[in-house]
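The values are calculated or read from the model by the stated rules, or taken from the named source; none is laboratory data. It should be emphasised that the depicted structure is a prediction, and the values quoted were computed from it without experimental measurement. Methodologically, a virtual Cβ is constructed for each residue, glycine included, from the backbone with ideal geometry; neighbour enumeration extends over all protein chains shown. Note: accessible area is taken over every heavy atom of the protein model, side chains too, but ligands, DNA and RNA are not part of it. Shrake-Rupley method; radii C 1.70, N 1.55, O 1.52, S 1.80 Å.
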Amino acid sequence: MATDVKIAARTIAPTNPATGEVLRQFECAGEAEVFGAVERARLARAGWTELGLRNRIAVLREFQARLFARKSEIAAAITREAGKPLVESLVTEVLVVLDAARFLIDNAFGLLRDEPVPHANLVTKLKNGSLLREPHGVIGIISPWNYPFSIPATETLAALVAGNAVVLKPSELTPLVALELDSLLHAAGVPEDVFQVIVGEGPAGAALLKSPIDKLVFTGSVTTGKRIAAAAAERLLPVVLELGGKDPMLVLDDADLDVASSAAVWGAFVNAGQACLSVERCYVQNSLYESFARACADKTARLRVGNGMDSHTDVGPMIQERQVRIVESHVEDARARGARVLVGGKRLPELGPNFYAPTVLADVTHDMRIMREETFGPVLPVMPFEQDDEAVQLANDSEYGLAASVWTREPKRGERMARRIHAGTVMVNDVVSCFGISEAPHGGVKASGVGRTHGRFGLDEMVRVKYLDSDRVPGMKKLWWHGYGESFRRQMEGFLDMQFARSLGTRMRGALRAAGIVRRKQL
Ligand code: NAD
């Protein structure tokens, strides 16, 4: 006898990480809902593409104006759900998106319009070539919680302006911020079905991957990224993978100690260290090492830790208990193997459920977890080195390759080292801010990912390049068609000599031999 078992849909409850307050409850989208959203997006996409690039740019302009008008409200929504200080919500989220919109408004037309391809080969001179950039169709976006607004928004704007529809699956920890993006885009004129948000956990993301999307842009951990890549390979789905990092900071002996130590502290503790680009490893040349570590510890001790809603807060809570436990285990491993805790190294339960004290560790070594695994929390481990070559070797001794930085008063020395570091971005005398440079591509090498978002290369990911070849003499048979023979072979040999021989004499004799080609009888 069949039993009538009703399986309750899973629910998620985003909470304020500073207080533990539940902000709202959602039922997770099931596979049918995900497939339904993608089907509606497919149907709506044609109209959006046909609207034309200029009109889509106008919608982006309207989006930008509406976001600007609501900047403080959106920043507060980000802080409430993700915990980061209000000023970081404004600068690293809202400002980044306003500027990404500016970049696309100014450049999308030039970057997406048809591009003539001149032919240099004599044989193909009578053809016009052009590159067309066509939207993929429906782009699926799966995003993390750490930059819940700027990551999905920058990717979405590029996808939409190129003429795609988008189905976004945000992190289960930060769906409310994604719904703010949803309301801003729809108010600006993006049709309901052209941009949709599906709320859910991993299984909703997995369903999106199974659905008939045309491309997936994923940002998240290496573990999930590998699962996504394997599933995508099954159906040859193109993917962009923006994954984790373990970014090194190299402080050379001629660096400005005060500036570099402030950079290390900001780079390690911005968003409580929960940034893919945060400083996760710091290497300092011997002569500066002790004073640098001490300066970092002093500055870290002066940071104000608390609820991000308080404008004076420098460092907010971590996103959730699980993340705090990872940080705790990395610090304990380092401590047990001989690292010195200069400041921090403990939870701060008196502030709320997810607070961990900003921590500076000295005398770490490369066999500690803190130097090998992504910590994704407020810890700055500092290690000495002697020679520049050793610093490059330490920087490259990682499975990751997202970004890196070099600190020196001599930019040329820094640039020389930057060229030897395996990473998607290397900054000389700055950290993290590359994410906010809308012109710059963002992405990694090695386990940090595949493909790029942001800027020109990010826009390229949102289109398929089609090559259009149009012959200018439709009534003429092509020289290389059938009707071969010994004389044609000799003529073609002459033709090759005419174009590629080194000596002028051979080129001229080749031209004479090739001249008969035009009178050749063809099928
Ligand atoms: P995560 O991999 O746990 O989750 C990311 C997203 O994937 C979430 O929306 C999640 O629901 C979804 N997901 C989980 N399992 C899935 C599955 N099987 N199929 C499809 N989707 C699935 O990552 P996270 O904890 O949200 O984010 C932190 C990680 O993201 C860190 O490793 C960080 O370095 C990385 N990150 C990278 C960048 C970058 O640009 N390279 C930017 C931000 C964060």
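Residue by residue, here is whether (1) closer than 30 Å to residue 228 by Cβ; (2) in contact with a strand residue (DSSP E or B) (Cβ under 7 Å, 6 or more places away or on another chain); (3) part of a loop (DSSP other than H, G, I, E, B) holds:
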residue	(1), (2), (3)
57	no, no, no
68	no, no, no
84	yes, no, yes
90	no, no, no
98	yes, no, no
101	yes, no, no
111	yes, no, no
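Please specify each residue of region 398-421 satisfying the condition of being open to solvent by 60 Å² or more (accessible area, probe 1.4 Å) and within 15 Å of residue 243 (Cβ to Cβ). Before you say what the answer is, go through the steps one by one.
Of region 398-421, the ones open to solvent by 60 Å² or more (accessible area, probe 1.4 Å) are 399, 409-412, 415-416, 419-420.
Within region 398-421, 399 is the sole residue that qualifies.
Six or more apart or on different chains, Cβ atoms under 6 Å: show the pairs whose first residue is in region 500-517 and free of Cβ contacts under 8 Å to residues at least 40 places away in the same chain and closer than 16 Å to residue 123 by Cβ and whose second is open to solvent by less than 30 Å² (accessible area, probe 1.4 Å) and aromatic (Phe, Trp, Tyr).
Short answer, once both residue conditions are applied: 514/495.
Of the residues that make up region 467-479, is at least one assigned to a loop (DSSP other than H, G, I, E, B), among the hydroxyl-bearing types (Ser, Thr, Tyr) and open to solvent by less than 80 Å² (accessible area, probe 1.4 Å)? So that I can check it myself, show each step before the final result.
The first filter runs over region 467-479 and keeps only residues assigned to a loop (DSSP other than H, G, I, E, B), leaving 472-479.
Within this subset, residues satisfying the condition of being among the hydroxyl-bearing types (Ser, Thr, Tyr) are none.
Checked against the condition, which is being assigned to a loop (DSSP other than H, G, I, E, B), among the hydroxyl-bearing types (Ser, Thr, Tyr) and open to solvent by less than 80 Å² (accessible area, probe 1.4 Å), region 467-479 yields no hits at all.
If a residue has to be open to solvent by less than 60 Å² (accessible area, probe 1.4 Å) and within 13 Å of the ligand (Cβ to nearest atom) to count, how many in region 437-460 make the cut? Before you say what the answer is, go through the steps one by one.
Quick first cut of region 437-460, residues open to solvent by less than 60 Å² (accessible area, probe 1.4 Å) only: 438, 440-445, 447-449, 451-455, 458-459.
With within 13 Å of the ligand (Cβ to nearest atom) added as a condition, the list becomes 440-445, 447-449, 451-454, 458.
Count: 14.
Report the residue count in region 240-256 for those that are out of contact with any Ser or Thr (no Cβ under 6 Å at 6 or more places or on another chain) and among the hydrophobic types (A, V, I, L, M, F, W, C). Break it down into steps so the answer makes sense when it comes.
Within region 240-256, the subset out of contact with any Ser or Thr (no Cβ under 6 Å at 6 or more places or on another chain) is 240-241, 247-248, 250-251, 256.
Restricting the remaining residues to those that are among the hydrophobic types (A, V, I, L, M, F, W, C) gives 240-241, 250-251.
Adding up the residues that qualify gives 4.
When you check residue 187 against the structure, is it modelled with pLDDT of 95 or more, among the hydrophobic types (A, V, I, L, M, F, W, C) and surrounded by fewer than 22 Cβ atoms within 10 Å (Cβ to Cβ), yes or no? Walk me through it before giving the result.
Details: modelled with pLDDT of 95 or more: yes; among the hydrophobic types (A, V, I, L, M, F, W, C): yes; surrounded by fewer than 22 Cβ atoms within 10 Å (Cβ to Cβ): yes.
Yes, satisfied.
Say whether the condition of being under 27 Å from residue 239 (Cβ atoms), of a type outside the set (A, V, I, L, M), under 24 Å from the mean Cα position of the chain (by Cα) and surrounded by fewer than 24 Cβ atoms within 10 Å (Cβ to Cβ) is met by at least one residue in region 115-128. Don't jump to the end; show me each part of the working.
Applying the first criterion (under 27 Å from residue 239 (Cβ atoms)) to region 115-128 yields 115.
Right, trim to of a type outside the set (A, V, I, L, M) and you get 115.
Of the ones still in play, those that are also under 24 Å from the mean Cα position of the chain (by Cα) are none.
Looking for residues that are under 27 Å from residue 239 (Cβ atoms), of a type outside the set (A, V, I, L, M), under 24 Å from the mean Cα position of the chain (by Cα) and surrounded by fewer than 24 Cβ atoms within 10 Å (Cβ to Cβ), one finds none in region 115-128, hence no.
Kindly list the number of the only condition in (1) part of a loop (DSSP other than H, G, I, E, B); (2) without any contact (Cβ under 8 Å) to a residue 24 or more places away in the chain that fails for residue 116.
For residue 116, the failing item is (1).
Only one of 265, 270, 284 is buried (at least 21 other Cβ atoms within 10 Å of the Cβ), more than 15 Å from the ligand (Cβ to nearest atom) and either in a strand (DSSP E or B) or within 22 Å of the chain's Cα centre (by Cα) (or both). Can you tell me which?
So the residue among 265, 270, 284 that is buried (at least 21 other Cβ atoms within 10 Å of the Cβ), more than 15 Å from the ligand (Cβ to nearest atom) and either in a strand (DSSP E or B) or within 22 Å of the chain's Cα centre (by Cα) (or both) is 284.
Quick one: in region 27-50, of everything that is free of Cβ contacts under 8 Å to residues at least 24 places away in the same chain and not charged (D, E, K, R), which residue is most open to solvent (accessible area, probe 1.4 Å)?
32
How many of the residues making up region 481-512 are part of a loop (DSSP other than H, G, I, E, B) and open to solvent by 100 Å² or more (accessible area, probe 1.4 Å)? Break it down into steps so the answer makes sense when it comes.
Step one: of region 481-512, the residues part of a loop (DSSP other than H, G, I, E, B) are 481-485, 501-503.
Right, trim to open to solvent by 100 Å² or more (accessible area, probe 1.4 Å) and you get 481-482, 484, 502.
Matching residues across region 481-512 total 4.
Which of (1) in the same structural domain as residue 181 (by TED's automatic domain parsing); (2) open to solvent by less than 70 Å² (accessible area, probe 1.4 Å); (3) among the aliphatic types (A, V, I, L, M); (4) over 24 Å from the mean Cα position of the chain (by Cα) is the odd one out, the single condition residue 13 does not satisfy?
(1)
Given the condition under 29 Å from the mean Cα position of the chain (by Cα), at negative phi and surrounded by fewer than 22 Cβ atoms within 10 Å (Cβ to Cβ), answer yes or no: does some residue in region 329-339 qualify? Before you say what the answer is, go through the steps one by one.
Of all residues in region 329-339, those under 29 Å from the mean Cα position of the chain (by Cα) come to 329-331.
From the residues that got through so far, the ones that are at negative phi too are 329-331.
Okay, now just the ones that are also surrounded by fewer than 22 Cβ atoms within 10 Å (Cβ to Cβ), so 329.
Yes, because at least one residue in region 329-339 is under 29 Å from the mean Cα position of the chain (by Cα), at negative phi and surrounded by fewer than 22 Cβ atoms within 10 Å (Cβ to Cβ).
Within region 352-373, take every residue that is open to solvent by 30 Å² or more (accessible area, probe 1.4 Å) and free of Cβ contacts under 8 Å to residues at least 60 places away in the same chain and give me the one that is farthest from residue 397 (Cα to Cα). So that I can check it myself, show each step before the final result.
Just the residues of region 352-373 that are open to solvent by 30 Å² or more (accessible area, probe 1.4 Å), to begin with: 353, 363, 365, 367, 369, 372-373.
Still in the running and free of Cβ contacts under 8 Å to residues at least 60 places away in the same chain: 363, 365, 367, 369.
Values: 363: 17, 365: 12, 367: 11, 369: 13 Å.
Among those residues, the one meeting the criterion is 363.
So, residue 419, is that one free of Cβ contacts under 8 Å to residues at least 60 places away in the same chain, more than 13 Å from the chain's Cα centre (by Cα) and in the same structural domain as residue 269 (by TED's automatic domain parsing) or not?
Details: free of Cβ contacts under 8 Å to residues at least 60 places away in the same chain: yes; more than 13 Å from the chain's Cα centre (by Cα): yes; in the same structural domain as residue 269 (by TED's automatic domain parsing): yes.
Considered against the rule, which asks whether it is free of Cβ contacts under 8 Å to residues at least 60 places away in the same chain, more than 13 Å from the chain's Cα centre (by Cα) and in the same structural domain as residue 269 (by TED's automatic domain parsing), residue 419 comes out as yes.
Can you give me the ranges of the helices (runs of 4 or more DSSP H) entirely in region 152-253 with at least 3 residues that are hydrophobic (A, V, I, L, M, F, W, C), without any contact (Cβ under 8 Å) to a residue 40 or more places away in the chain and within 12 Å of the ligand (Cβ to nearest atom)?
Values: elements: 175-188, 202-210, 222-234.
Ranges flagged: 222-234.
Does region 423-430 include one or more residues that are open to solvent by 50 Å² or more (accessible area, probe 1.4 Å) and of a type in the set (Val, Ile, Thr)?
As a first pass, look at region 423-430 and keep what is open to solvent by 50 Å² or more (accessible area, probe 1.4 Å): 429-430.
From what's left, of a type in the set (Val, Ile, Thr): none.
No, region 423-430 has no match at all.
Could you list, in sequence order, all residues of region 159-180 that are out of contact with any strand residue (DSSP E or B) (no Cβ under 7 Å at 6 or more places or on another chain) and either surrounded by fewer than 24 Cβ atoms within 10 Å (Cβ to Cβ) or more than 15 Å from residue 62 (Cα to Cα) (or both)? Can you show your working first?
Taking region 159-180 first, the residues out of contact with any strand residue (DSSP E or B) (no Cβ under 7 Å at 6 or more places or on another chain) are 161, 171, 173-174, 176-177, 180.
Those that are out of contact with any strand residue (DSSP E or B) (no Cβ under 7 Å at 6 or more places or on another chain) and either surrounded by fewer than 24 Cβ atoms within 10 Å (Cβ to Cβ) or more than 15 Å from residue 62 (Cα to Cα) (or both): 171, 173, 174, 176, 177, 180.
Tell me which of these residue 99 doesn't satisfy, since it passes every other one: (1) touching a Ser or Thr at 6+ places or on another chain (Cβ under 6 Å); (2) away from the ligand (no atom under 16 Å from the Cβ); (3) closer than 16 Å to residue 454 by Cβ; (4) open to solvent by less than 10 Å² (accessible area, probe 1.4 Å).
Failed condition: (4).
Just give me the residues in region 292-319 being surrounded by fewer than 16 Cβ atoms within 10 Å (Cβ to Cβ) and of a type in the set (S, T, N, Q), in sequence order.
311
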